[in-house]
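Enquirer: This is the structure, below, for whatever I ask next.
The values are calculated or read from the model by the stated rules, or taken from the named source; none is laboratory data. The structure displayed is predicted, hence computed values, not measured ones. Cβ placement follows ideal geometry from the backbone for every residue including glycine, while neighbour counts extend to all protein chains displayed. Areas reflect the complete protein model, heavy atoms only, side chains present, ligands, DNA and RNA absent. Shrake-Rupley method; radii C 1.70, N 1.55, O 1.52, S 1.80 Å.
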Amino acid sequence: MSDHPTDGPRLNLDGYTALPPTHVAAVVTYLEMREPPPPGPREPVRLAAIGADVARYRALYAAIGTPWLWFGRARMSDDALSAILGDPDVETLALVGEDGDIGLLELDRRRPGEVQLAYFGLVPGAVGRGFGRRLMDEAVARAFSRPIDRFWVHTCTLDHPGAVDFYRRSGFRAYARAIEVAPDPRLTGDLPRMAAGQIPLLAG
């Protein structure tokens, strides 16, 4: 997805727009940070570079994202995903816990003057234990380790319900919204049919 909503098919802007039962929709919020918040104490985190290790990336992406219906990278071929992960301007890190990878931090510097927080998340068992704040502190520090105009991210209503508030408390400012419509990844085979039970499966 781009960093700003683009023109597309018209939606009903004052009411409901029907979707086929084969598709899902989400409201996307775009947020940006033009300068880092004042530095504070940072707790150390154990990070490991994933690099172009597609298998490790897919396993962590699925562990974090399947409960929230993340599908963007699940739909990519290994070659396409490897090309992104292997790009020298993309930094992909795993937050490592006692029993393995528990968090994902992906920073994309491919556009001059900015850094995108492409993916950020924790496995379900790590949520609510302070890891998210520590990982975000690391993300902000790495993003602004060189001069940039902005650090940006987007999240949506298929994600954790506290995501927007977390990003705002981290220093991001919301600046745009969009509606994303896509084929239900549980029907295309990109995700298990039992994924994200809070989002009803309407077809198939």
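Enquirer: Would you mind counting up the charge near Leu191? Only other residues with Cβ under 13 Å from its Cβ, with Lys and Arg at +1 and Asp and Glu at -1.
Expert: Values: positive: Arg58, Arg73, Arg75, Arg186, Arg193; negative: Asp184, Asp190.
Its environment carries a net charge of +3.
Enquirer: How high is the relative contact order of region 74-153, in percent, with contacts defined as C-alpha pairs under 8 Å that are six or more residues apart? Don't skip to the end; give the middle numbers.
Expert: Values: 97 pairs, mean separation 18.8, N = 80.
Relative contact order here is 24 percent.
Enquirer: Grab the other residues whose beta carbon is less than 14 angstrom from that of Leu69, score K and R as +1, D and E as -1, and report the net. Don't skip to the answer; put the middle values down first.
Expert: Details: positive: Arg73, Arg75, Arg186, Arg193; negative: Asp159, Glu180, Asp184, Asp190.
Residues near Leu69 contribute 0 overall.
Enquirer: Carbon-plus-sulfur fraction of the accessible area of the chain, 1.4 Å probe, in percent? Can you show the working numbers first?
Expert: On the way: 6080 of 11300 Å².
Using a 1.4 Å probe with all protein chains present, the chain comes out at 54 percent carbon and sulfur.
Enquirer: Once you have all Cα-Cα distances for the chain, histogram them in 10 Å bins from zero and send the whole-percent values.
Expert: P(r) for the chain, in whole percents per bin: 8, 33, 39, 17, 3, 0.
Enquirer: Where Lys and Arg each count +1 and Asp and Glu each count -1, what net charge lies around Asp137 among other residues with Cβ under 9 Å from its Cβ?
Expert: Charge balance near Asp137 sits at +1.
Enquirer: List, in order, the whole-Hz ³J(HN,Hα) value for each residue of region 151-167 obtained from phi through the Karplus relation with A = 6.51, B = -1.76, C = 1.60 and θ = phi - 60°; use x for Gly and Pro.
Expert: 10, 9, 8, 10, 9, 9, 6, 8, 8, 3, x, x, 5, 4, 4, 4, 5
Enquirer: If you place +1 on the Cβ of every Lys and Arg and -1 on the Cβ of every Asp and Glu, how big does the dipole about the Cα centre of the chain come out, in debye to the nearest 20?
Expert: On the way: 23 positive and 26 negative charges, 71 e Å.
Charge dipole, the chain, about its Cα centre: 340 debye, nearest 20.
Enquirer: Quote the relative contact order of the chain in percent (integer), defining contacts as alpha-carbon pairs under 8 Å separated by 6+ residues.
Expert: Details: 300 pairs, mean separation 72.5, N = 204.
In percent, rounded to a whole number, it is 36.
Enquirer: Counting only heavy atoms of the protein chains, get the accessible area per residue of the chain (1.4 Å probe) and round it to a whole Å² value. Numbers along the way, then the final one.
Expert: On the way: 11300 Å² over 204 residues.
Normalised by residue count, the accessible surface of the chain is 55 Å².
Enquirer: Going highest first, how would you order 132-145, 114-127 by mean Cβ packing within 10 Å? Kindly include the intermediate steps, with their values, before the conclusion.
Expert: Working: 132-145: 17.7, 114-127: 19.6.
By packing density, highest mean first, the sequence is 114-127, 132-145.
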